[in-house]
Amino acid sequence: MKRWAGLAVLLALAGCTTTISGAARPEPETPPANLALVDPARTASVLTAVKTATEAAFSYDSTAVPAYEKALADNVTPGARDEIAKLFTEVRNSAEPIKLVTRVIVSAAVEQTPDKARVLTALDQTSTRAGTTSKGIATVLLGTVREGDRWRIDKIEVTPAGPGPAADKPGAGDRVLARVRDSARDGALRAAEALLNVDPADPEGTYARYESVSTGQLLTQFRQDKAARLDQIRSGGTKASMAPNPAAAVMEVVDDKASVLLFATSEVKDAAGQTTKKYLPIVLRLQRLPEGWKAAGVESVQALP
């Protein structure tokens, strides 16, 4: 999938601060509570700093333990050390030399203030032990704090789920940007709920939900494949249910388009009644229409080459 190098928010600002003689002085406009994407350059700077901290703290080489300990001291607060220790118990207790290299695939800020940020991050992890190399993808929600010029990891949530930040209040100036960001996030959650739930007992309803949240090329593709999709839903007998409160963060908003990083847990029950869980980091490409945001494309997050 495309790797995201930066952020851009190109939206028309509303509101006026001019005071007219004889008119009531307007109340000063307070900034939004969540500054993610409100200042794209600052958000990009935070994500770059958190990327550096994450790749250092989540990589390990058993032949260079002092370097790893220094990386933890530099990039993780004392309060989060225990969380890292639990995650790395098996790695650090390996009887054979082991090297784990972690790289950030994609990330987005869920919340941001001048001194704190919560960042949803998809990680590529490559592990080498006894001459054997394995790869995997992990998704974490990182709480971070700013200490001087450095951002340090303060909390780690693996396979995250939970309610997102409260929507910012309406207003002018930066609040307009914040409200558009929040509406895009809500649109992504609505789309994910429709696209990631499959009911073989109601194939027509399942397909209708696909169409209701889609637009552009995605909608065209659904309509072209309608008969095959209905037959697959009906005959496959597999039911998929997305767990409540998936984690989501807006990556960018450009005019009437947005990209949202989303991590969902899906419970899949096959025709034989066996249930498994799937963990789905995806990027939703959205288009804003008069009736609201709809999905124009869906991309799964792939491991780095």
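The values are calculated or read from the model by the stated rules, or taken from the named source; none is laboratory data. None of these values were measured; they are calculated from a predicted model. Cβ sites come from the backbone with ideal geometry, for glycine too, and all protein chains shown count toward neighbours. Just so you know, the surface numbers come from the protein's heavy atoms only, side chains and all, with ligands and any DNA or RNA stripped out. Shrake-Rupley method; radii C 1.70, N 1.55, O 1.52, S 1.80 Å.
Some observations on this one:
- Charge context of T220, other residues only, Cβ under 12 angstrom, K/R +1, D/E -1: 0
- Relative contact order for region 148-214, counting Cα pairs under 8 Å that sit 6 or more residues apart, in percent: 19
- Taking amide H positions as modeled 1.01 Å from N, with prolines and chain starts lacking one, the residues under 5 Å from L37 and 5 or more places away or on another chain are T43.
- By the rule of a C-alpha distance below 13 Å, with chain neighbours fewer than 8 residues away ignored, the aspartates and glutamates paired with K226 are E204, E211.
- Protection proxy ranking of 172-181, 92-101, 256-265, 286-295 - average other beta-carbon atoms within 10 Å, highest first: 256-265, 172-181, 286-295, 92-101
- Extent along principal axes [Cα atoms of region 27-72; Å; largest to smallest]: 60, 15, 10
- With Cα atoms defining each centre, region 250-278 and region 110-139 are spaced 18 Å apart in the structure.
- The slack in the chain from S212 to R190, taken as 0.36 nm per residue of separation less the alpha-carbon distance, amounts to 6.9 nm.
- Heavy-atom accessible surface of the chain: percent carbon and sulfur, 1.4 Å: 52
- Computed label-point distance, nm, for sites Y279 and E69 using a 7 Å Cα→Cβ extension: 2.9
- Label-zone membership for region 162-177, site T30, 7 angstrom Cα→C-beta point, backbone N under 16 Å: 166-176
- Length gained when the stretch Q232-K99 is fully extended (0.36 nm per residue, less Cα-Cα span): 43.6 nm
- Projection of the Cα convex hull of region 108-254, averaged over all directions and equal to a quarter of that hull's surface, yields 13.7 nm².
- Charge sum, other residues only, whose C-beta stays under 14 Å from R229's C-beta, Lys/Arg counted +1 and Asp/Glu -1: -2
- Value of [θ]222 nm, deg cm²/dmol, for the chain, DSSP H segments ≥ 4, -39500 (n - 2.57) each, nearest 500: -9500 deg cm²/dmol
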